[in-house]
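For reference, the structure is listed below as structure tokens.
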Amino acid sequence: MGRLAIRPNRSRLTWLRENKNTQTLTKRTLSQHRKKFPNPSPDQKLPHPHRSSLSSRALSSMDEPVAVVDVVHTIAMGLIDYLFPHPPVSNLCAATAAAAAPSSPDGADRISCLPDEILCNVISRLPLKAAASTTALSSRWSRLWYSVPLFFADTHLLPSDGRITHPISVTNAVSRVLAAHPGPFHRVDLSCSIMEAHLPELDRWLQLLAAKAVEELVFVNRPWPINLRLPATLFSCTSLRRLYIGVWRFPNTAGLPQGSTAFPHLLELGLCCVLMEDRDLECIISRSPVLEILTVVLSQNVVRLRFVSHSLRCVQLGFSCVADLAAVDAPCLDRLLLSDIWATEGRKFSTRIKIGLAQGLRSLGYLEPGRHLLQIGTTTIKARTRATPSTMVPSVRILALKVYFGTLNEAQMLCSFLQCFPNVETLHLKSDKADELNNATGEHKAMFWKGAGEIECIKSHVKKMVFDEFQGKQSELAFIKFVMERAQVLQKIDIISTNASCTTLEKNKLVLKALDSVKPASKNCQVVYSTHALLEEGGSLIYLVVILLSFDHRGLKL
């Protein structure tokens with residue numbers, strides 16, 4: 001499988017399961033963040049948080065703005081830790097190797113007898129301190145370390161407890177390492193320095209990274225301010241293949257030469273809690289001719305993204321305010337993944353999502369029929385929109401929708417949305433809870449689905465349906481019956497309840513007994529009911545990305 005964005009390993013999936021909402025995430029990550037950043041001494045006082053457009057909205061109704069901004073930053077740090085690729089080497093490997101390898105009985109140095117190629121391979125897998133210490137062994141070992149492509153994470157410079165008690169010492173050490181090693185730099189992770197206090201070093205670091213052909217860069221600004229602008233020197237790092245930046249203001253692209261290529265080799269771009277103008281994001285996409293993966297999470301500003309790219313395969317947006325998203329011309333786009341995006345003015349307005357030329361699109365979601373305006377080609381999909389070839393995306397095989405089944409309007413919109421994707425084989429539905437907007441449209445009766453017409457993908461193509469966050473409502477049950485009675489090739493329905501209390505479980509099981517009387521159109525249909533125990537392999541944060549699409553995580557992770 002090609003390089004995509006997430007490897008569902010157990011530790012990260014467990015993190016997802018345990019952080020089912022922002023409140024839980026905040027409590028957990030705030031505690032972890034403060035362990036790394038203890039209260040500074042008076043002479044090390046951290047700069048006051050800048051109230052950016054992101055944090056200002058959160059501050060408007062709060063009594064302790066500084067504390068809230070700290071929480072916003074902490075949430076960003078938690079998402080960065082989850083989403084961004086971890087260093088390929090760990091501080092644990094040196095201690096593990098020392099404990100596992102007993103000394104030779106005769107005292108002979110057999111390791112030095114190995115050829116340079118093998119020794120270089122060994123050194124490249126060591127954390128920085130252990131790798132650099134090999135230079136003291138002999139002139140041969142010194143030459144070897146300087147010839148190995150550098151894998152460097154500044155977290156390897158921290159004490160064993162991982163606490164950043166003296167950030168300036170970490171910053172100085174980073175400067176020495178980047179200057180001393182001749183390169184090339186295969187992978188550099190920088191996340192432990194307070195960059196506002198070291199702006200000259202910031203520009204110098206980027207110059208060194210560019211001169212020494214850095215291929216992969218993870219650069220996170222902590223702890224504040226969250227709108228500190230990265231120097232335009234970043235664009236001189238033309239050797240970059242993977243770039244992940246967090247809690248920065250993106251450089252202004254206006255200074256780039258007209259028609260020039262920004263990142264000729266860039267394959268992956270991840271942005272978390274980044275302040276970035278729409279024109280700059282579109283410019284980077286259009287000037288990165290081989291870019292395959294774009295991830296935007298917790299954007300500091302409203303996202304309006306129109307992209308034209310013949311290389312993009314995966315676009316992921318999450319935890320951001322999105323006004324417009326348009327795949328104008330993206331023939332290679334395979335996955336368009338959305339998680340917890342909202343419109344510009346709360347829920348009074350809708351996010352417009354346009355699918356233009358995207359003939360390779362296979363996985364799409366979460367779309368929200370009640371909050372997203374879906375436009376296919378030149379047609380905006382509305383309730384009772386008649387399906388025509390110009391309003392269909394036949395390439396989509398995996399579709400995820402978030403629906404409030406309690407209103408007639410959303411039920412009608414759900415039908416219209418499904419008609420647009422006639423060849424869906426795996427359908428994921430998340431049941432939304434009622435809110436003031438939904439209640440204003442009026443409750444819809446379960447009878448609607450008895451009179452609903454045929455939907456091509458349900459009738460002929462859907463093999464698996466996952467119904468997440470089942471609440472036991474009759475409107476939800478009516479839709480499940482509708483699918484069972486019409487889906488001719490359906491093999492399995494997973495019904496997942498979010499509330500594992502005994503009362504809720506018993507209530508839902510009683511509701512589901514009504515399915516016993518349904519005569520399914522498919523003889524092989526199996527219905528499985530479970531609680532969140534099933535979500536050992538997923539969670540609310542990018543649930544679709546992790547379990548449904550089986551992403552590869554080479555070395556990120558919306």
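The values are calculated or read from the model by the stated rules, or taken from the named source; none is laboratory data. Because the structure is predicted, anything quoted here is derived from the model rather than measured. Quick reminder, even Gly has a Cβ in these numbers, built from the backbone with ideal geometry, and neighbours come from all protein chains shown. Protein only, heavy atoms only, side chains kept; ligands, DNA and RNA dropped before computing areas. Shrake-Rupley method; radii C 1.70, N 1.55, O 1.52, S 1.80 Å.
Tabulated data for the structure shown
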{"item": "The stretch 319-391: C-alpha pair distances exceeding 21 Å, %", "result": "25 percent"}
{"item": "Two-decimal log10 I(q)/I(0) for the stretch 292-334, as the Debye equation yields it once each C-alpha is a single scatterer, q = 0.15, 0.19, 0.25, 0.33 Å⁻¹", "result": "-0.35, -0.55, -0.87, -1.16"}
{"item": "Alpha-carbon Rg/Rh ratio, for the stretch 357-400, with Rh computed the Kirkwood way", "result": "0.93"}
{"item": "Segment E485-T378, length gained on full extension (0.36 nm per residue, minus Cα span)", "result": "35.2 nm"}
{"item": "Cβ crowding within 10 Å averaged over residues, with 518-528, 452-462, 328-338 ranked highest first", "result": "328-338, 452-462, 518-528"}
{"item": "Point-to-point label distance, E425-S236, nm (Cα→Cβ direction, 7 Å offset)", "result": "5.0 nm"}
{"item": "Protein accessible area in the stretch 258-361, 1.4 Å probe - carbon and sulfur %", "result": "50 percent"}
{"item": "Two-decimal ratio, the stretch 231-306, of alpha-carbon radius of gyration to 2.2 N^0.38 Å", "result": "1.00"}
{"item": "Contour excess over end-to-end distance, with Cα ends at H310 and S350 and 0.36 nm allotted per residue", "result": "11.6 nm"}
{"item": "Distance in nm between pseudo-label sites at R143 and I168 (7 Å out along the Cβ direction from Cα)", "result": "4.0 nm"}
{"item": "Cα-Cα over 18 Å, subset of K481/K519; K473/K519; K464/K513; K459/K519", "result": "K473/K519; K464/K513"}
{"item": "Computed FRET value (nearest 0.05) for S260 with S460, which takes r as the C-beta separation and R₀ as 45 Å", "result": "0.35"}
{"item": "Å² of accessible area per residue within the stretch 258-361, as computed with a 1.4 Å probe and no ligands counted", "result": "35 Å²"}
{"item": "Equivalent ellipsoid, the stretch 258-361 (semi-axes from 5 times Cα gyration tensor eigenvalues, Å)", "result": "22, 16, 12"}
